Amino acid sequence: MAEEHSTPTTRVGAREAFKRQIWSSFVVWKYGGGWERVLLSAWIATLGFLVVWISQLARLAWDPSGSPWPLEVVESYVLAVLMLGAYALATVEPLHNARIIREFLALGWFQGLDAEYAREMVRYLETHGRNGRIPGGTWWAITNWVAYYATVGLSVPFASATRSSLGQWTPFVFLALCLPVALGFVVASTLRARRLFADARARGFRLADLEAERVDRLRGNLAR
């Protein structure tokens, strides 16, 4: 089964992976267009937001009495922030156009099967993409960002308005409302990836087969 499209990666140590992650941001900024830079800025802002959020959460865990919000509101807010995982892949995907992937290949970041997958993706994007991008990827990423921040933004007013009637069940009701939406986006992203792989296969590209091999290898590594 084809998994959601992901940027090719080669296993490296944690320190090297961190260095590459930082450097990849400069590569995206240099070789990407306006939309890649906008989406990269959204990720940088979100990571900054998460750093502040984690520090505040740690402070509240140390001294709960210092919270300006009731516990039900804090719990609903935490659940909303954690929904980022459901939207992450769709927002990362359009950061890597054909030119950027070519630069990663030139830097030697992909080896073996990952490099083969990356080269095949470049060929597909350069011949059948839109300006070297996955068709519709940019707008899908923007839609995912809007959905994520709408969830975060609605968590506080929802919990504030309902905690008097729902009490300790407030965060669970909020989760029951927003989780199906997040899962819906995951399913939609998976279907988009399947359509991309099906289109690539129909045009003679081996993206689906290479991705399946990469997934099998990952599963094998995790099983060790």
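The values are calculated or read from the model by the stated rules, or taken from the named source; none is laboratory data. In this text, all values refer to a predicted model and were calculated from it rather than measured experimentally. Positions of Cβ are generated from backbone atoms using ideal geometry, with glycine treated the same way; all protein chains shown enter the neighbour counts.
Considering Leu89, Leu166, the condition of being assigned to a helix (DSSP H, G or I), in contact with a helix residue (DSSP H, G or I) (Cβ under 9 Å, 6 or more places away or on another chain), at negative phi and surrounded by fewer than 20 Cβ atoms within 10 Å (Cβ to Cβ) is satisfied by Leu166 alone.
Here is the figure for segment 162-210: residues that are of a type in the set (Gly, Ala, Ser), under 14 Å from Glu75 (Cα atoms) and at pLDDT below 95 total 1.
With respect to the conditions (1) within 28 Å of Ala198 (Cβ to Cβ); (2) surrounded by 15 or more Cβ atoms within 10 Å (Cβ to Cβ); (3) at pLDDT 90 or above, His5 lacks only one, and its number is (3). Picking from residues in segment 8-54 that are basic (Lys, Arg) and surrounded by fewer than 16 Cβ atoms within 10 Å (Cβ to Cβ), the one that is modelled with the lowest pLDDT is Arg11. Within segment 76-96, identify whether any single residue is over 18 Å from the mean Cα position of the chain (by Cα) and more than 26 Å from Thr143 (Cα to Cα), and answer yes or no. For segment 76-96, residues over 18 Å from the mean Cα position of the chain (by Cα) and more than 26 Å from Thr143 (Cα to Cα): absent. Per the listing Ala159, Ala141, the residue uniquely within 20 Å of Glu36 (Cβ to Cβ) and among the small types (Gly, Ala, Ser) is Ala141.
Which residues, counting only those in segment 55-79, are at pLDDT 85 or above and out of contact with any helix residue (DSSP H, G or I) (no Cβ under 9 Å at 6 or more places or on another chain)? Across segment 55-79, there are no qualifying residues. Against the list (1) farther than 30 Å from Leu60 by Cβ; (2) among the small types (Gly, Ala, Ser); (3) within 20 Å of the chain's Cα centre (by Cα), the condition Gly129 fails is (3).
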